[in-house]
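See below for the structure under consideration.
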Amino acid sequence: MRWRFWMPRQGKSCVFWTRTPRGDVPALPLQVEPQATIAEIKNLFTKTHPQWYPARQSLRLDPKGKSLKDEDILQKLPVGTTATLYFRDLGAQISWVTVFLTEYAGPLFIYLLFYFRVPFLYGHKYDFTSSRHSVVHLACICHSFHYVKRLLETLFVHRFSHGTMPLRNIFKNCTYYWGFAAWMAYYINHPLYTPPTYGAQQVKLALAIFVICQLGNFSIHMALRDLRPAGSKTRKIPYPTKNPFTWLFLLVSCPNYTYEVGSWIGFAIMTQCLPVALFSLVGFTQMTIWAKGKHRSYLKEFRDYPPLRMPIVPFLL
Amino acid sequence: MAALWAVSGLRPRPGPASPWSLPPPPRPAKSSLWCSRTESELRVLDMAASAVATAASKGNGGGGGRSGPSEGSSARKKKFPGPLATAYLVIYNVVMTAGWLVIAVGLVRAYLAKGSYHSLYYSIEKPLKFFQTGALLEILHCAIGIVPSSVVLTSFQVMSRVFLIWAVTHSVKEVQTEDSVLLFVTAWTITEIIRYSFYTFSLLNHLPYLIKWARYTLFIVLYPMGVSGELLTIYAALPFVRQAGLYSISLPNKYNFSFDYYAFLILIMISYIPLFPQLYFHMIHQRRKVLSHTEEHKKFE
C-alpha cells in the first residue's frame, strides 16, 4: 500500500491518503509541526498504524528517490507550500547485531562439530577420533579464532549506520555462512584429508599471511570505529593512523575487505582445500561489490577524496 | 471528515468522502509508478520464473520482461535499445527462430522417414546443440544492456538448458535413445519458435495477437511436457553415471575435494519440486494479466 502525505499551506498538518483499488481515499489526519523530524513523523505514523514500526518505514520525497533520514527536519526539506511524502513498507526488520551474531556463531559451532568428528558426520569408526595431521589442529584454531574475533567485534567494536535490515536477510546470510562452514569443515577434518604438498613451509607461510591479515582487519575496524563517536552516524574519510596496518588506507578504500580476503587466501593455502578457495572467491566477489559501492559513495560525498585509492585491491580493482 | 476538509483548507462537499471530492494529489507524469513498478516487478518475477525452471516452456514466459507485454505504452520507463542494437537483436531472434524451425522440420522429416518416433535425437543433434548453445549470447545481451533483463536470471535459465543438452544428453550416450529426450526436445522446439518470433515481432512493434496468445497459452501443456521429459532423461541417466563414475572425484586427493555427479543430478531433480509449481502458477497469473490487458487496450483503441 502506498500513502501520500500532504501538507497544506499552513504547514502545520499532514493529510494522509491511501491508495485503494477504488482510488485515493483520505484517512485520518495527523497534526505535525514544521520543525518535526522524520523520526517523529514515523513515530506518529506508528501510533495510528502499529504494524508499521518506524524501522519498517521508508519515507521519501520522490517515489524513486532515496529514503529520508530520521534526522531530517520537515521544514528544511526542499518542499514548497505543499509537500508530498511517499511511504514504503520495508518489510519485517531485524537488527544488524542479531544477524551478525547468529551468522558468526553458526560457523564457529559447526566447524567444531566436524573437528571433533561428532557421530553421523563421518563413518562410525571415526567417531570422536582426532586427526594425526598438525595442520588440521592449526586450521581449527585459526578458523575458530576468526569467528570469535568477528563476534567480539560485533559486540564491542562496530558502529552501525542502520539499526536494522530486512528479516529475510538472516535466512540468506545464515545459509551462506553456515553452509560454507560445514562444507569446508567436512573436508579439512575428514579422515582422508591430505596435508599440504609443501609441508611445514607452506603451512608456516600461510599462517603468517593469516595472522597479518587478521591483525590488519582488526586495526581497520578499530580505525573506522574511532572515526565515529558512539551513537552518531557521521561519515568521514578514513585516513592512515600510526598503526602500520592502517597504511593500506593510502591505496584502498576498504582495506578491511582486502585483509579479509587475504585471511581466507592464507587459510586456503594452509589447508590446501578447494572448498576454502571457492569460499574465498565467492567472498571476494561479494566484498568487491560492496567495496565498489562504498568507494562510489565516498567519491560522491567527499570532493577531496584521495585519488590514488582503489576500492579493494591496490591499483587494480 | 469535516475536520479533514477544514484542516486541508478546502471547501467541504456533501456526501461521503470520495476520491474526487478533494483535489487529486499531484501524480507523477503518466504511468504512475504503481504501474511501472508492478510491471517491473512482473518483469523480474517473469524472469525469475523463466530462469529458475529448466523446463521447456519456461521459454514461453521467460524473457517476458525482455519485450514486456508488448503493447508498449510510451509511459513505460523501459530504455529502448538504439537502432543498431535493435537491428542486431532482430537478426539474432530471426536466426534463432529459423534455427528452431530447422530442428522442428528435421524432427518431422526423420519421423516420416523412419516411420517411428524413437531415436529421433540423432537426426537433430547438431542443430539442437548449436542453437541451444547459441542462446548463451542472450546472457551477453543482458550484460551489455541491450536487453532489459537480469543477467543472473538469464544465465540461470540458459545454463540450465545447456546443462541438460551437454552434461546429460551428450555426456551419457545411453540416454540418447530414450523417448524422454524427444519429449523435451519437442516442447523446447515449439516454445522457442514462438518465443523468438514473439521477440522479433515485439522489436518491430508489430506483434500479432496470435503469437502473443500462443506464447502465453501453449505453456500450459508445453511446460509440464518439457519438465517431464527433462526429469525422465536425468532419471534414465543416473545408473550410467553411477557405473562410470562420470564427472565425479573422490577422496583422498591433493585438493581435498570431492564431487559426486550422481548425487548432484538427484539434487537437481529434487529442485524441480519447489520450483516447478511456483513458476507454473506464476505463468498462469501472468497469462491472466497480459491477455486481459490486451483486451482492455483493444477496447480503448
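The values are calculated or read from the model by the stated rules, or taken from the named source; none is laboratory data. Remember, predicted model here, so these are calculated numbers, not experimental data. Note that we place each Cβ from the backbone using ideal geometry, even for glycine, and neighbour counts take in every protein chain shown. Accessible surface is based on the protein model in full, side chains and every heavy atom, while ligands, DNA and RNA are left aside. Shrake-Rupley method; radii C 1.70, N 1.55, O 1.52, S 1.80 Å.
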Of all residues in the range B:174-213, count the ones that are touching a Phe, Trp or Tyr at 6+ places or on another chain (Cβ under 8 Å) and open to solvent by 30 Å² or more (accessible area, probe 1.4 Å).
-> 8
Any pair with Cβ under 6 angstrom, 6 or more apart, that starts in the range B:169-190 at a residue that is outside any helix (DSSP H, G or I) and ends at one that is open to solvent by 10 Å² or more (accessible area, probe 1.4 Å) and β-branched (Val, Ile, Thr) = none
Only one of (1) part of a loop (DSSP other than H, G, I, E, B); (2) small (Gly, Ala, Ser); (3) within 14 Å of another protein chain (Cβ to nearest Cβ) does not apply to A:ALA230, and that is (3)
Criterion: free of Cβ contacts under 8 Å to residues at least 24 places away in the same chain and either part of a helix (DSSP H, G or I) or of a type in the set (Phe, Trp, Tyr) (or both) - qualifying residue of B:LEU84, B:LEU101 | B:LEU84
Here is a list of conditions, (1) closer than 30 Å to A:TRP96 by Cβ; (2) within 14 Å of chain B (Cβ to nearest Cβ), and A:TYR187 meets all of them except one; can you say which number that is?
-> (1)
Of all the residues that make up the range A:114-139, how many are within 34 Å of the chain's Cα centre (by Cα), at positive phi and open to solvent by 50 Å² or more (accessible area, probe 1.4 Å)?
-> 1
Of the residues that make up the range A:228-246, is at least one surrounded by 15 or more Cβ atoms within 10 Å (Cβ to Cβ), under 18 Å from A:THR154 (Cα atoms), among the β-branched types (Val, Ile, Thr) and in contact (Cβ under 8 Å) with a residue 24 or more places away in the chain?
-> no
Give the range A:51-71 a look and list any residue that's modelled with pLDDT of 80 or more, open to solvent by 40 Å² or more (accessible area, probe 1.4 Å) and more than 23 Å from the chain's Cα centre (by Cα), or say none.
-> A:GLN51
Do we find a residue being under 13 Å from A:HIS221 (Cβ atoms), of a type in the set (Phe, Trp, Tyr) and more than 15 Å from the chain's Cα centre (by Cα) anywhere in the range A:256-267?
-> yes
Selection count where residues are closer than 22 Å to A:LEU192 by Cα and assigned to a helix (DSSP H, G or I), scope the range A:267-314 = 11
Given (1) within 14 Å of another protein chain (Cβ to nearest Cβ); (2) in contact (Cβ under 8 Å) with a residue 24 or more places away in the chain; (3) not polar (S, T, N, Q); (4) not in a loop (DSSP other than H, G, I, E, B), where does A:ARG225 come up short, assuming only one miss?
-> (1)
The one condition in (1) hydrophobic (A, V, I, L, M, F, W, C); (2) in contact (Cβ under 8 Å) with a residue 60 or more places away in the chain; (3) surrounded by fewer than 20 Cβ atoms within 10 Å (Cβ to Cβ) that A:LEU250 fails to fulfil = (2)
Does the range B:222-229 include one or more residues that are open to solvent by 70 Å² or more (accessible area, probe 1.4 Å), touching a helix residue (DSSP H, G or I) at 6+ places or on another chain (Cβ under 9 Å) and either away from every other protein chain (no Cβ under 13 Å) or not small (Gly, Ala, Ser) (or both)?
-> no
Identify all residues within the range B:230-243 that are open to solvent by less than 70 Å² (accessible area, probe 1.4 Å) and of a type in the set (D, E, K, R); write none if there are none.
-> B:GLU230
Could you say which residue among B:TYR280, B:TYR272, B:TYR216, B:TYR261 is touching a helix residue (DSSP H, G or I) at 6+ places or on another chain (Cβ under 7 Å), at pLDDT below 95 and either within 24 Å of B:ALA167 (Cα to Cα) or open to solvent by 70 Å² or more (accessible area, probe 1.4 Å) (or both)?
-> B:TYR272
Candidate set: the range B:122-168, residues that are surrounded by fewer than 20 Cβ atoms within 10 Å (Cβ to Cβ) and basic (Lys, Arg); chosen: the one farthest from B:GLY106 (Cα to Cα) = B:LYS129
Exactly one condition in (1) open to solvent by 70 Å² or more (accessible area, probe 1.4 Å); (2) basic (Lys, Arg); (3) within 14 Å of chain B (Cβ to nearest Cβ) is not met by A:ARG159; state its number.
-> (3)
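One line per residue, one yes/no per condition, for (1) open to solvent by 40 Å² or more (accessible area, probe 1.4 Å); (2) under 30 Å from A:SER131 (Cα atoms); (3) out of contact with any Cys (no Cβ under 9 Å at 6 or more places or on another chain):
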residue	(1), (2), (3)
A:MET165	no, no, yes
A:ASN169	no, no, yes
A:GLN202	no, yes, yes
A:VAL211	yes, yes, no
Restricting attention to the range B:237-268, report how many residues are assigned to a loop (DSSP other than H, G, I, E, B) and within 14 Å of chain A (Cβ to nearest Cβ).
-> 10
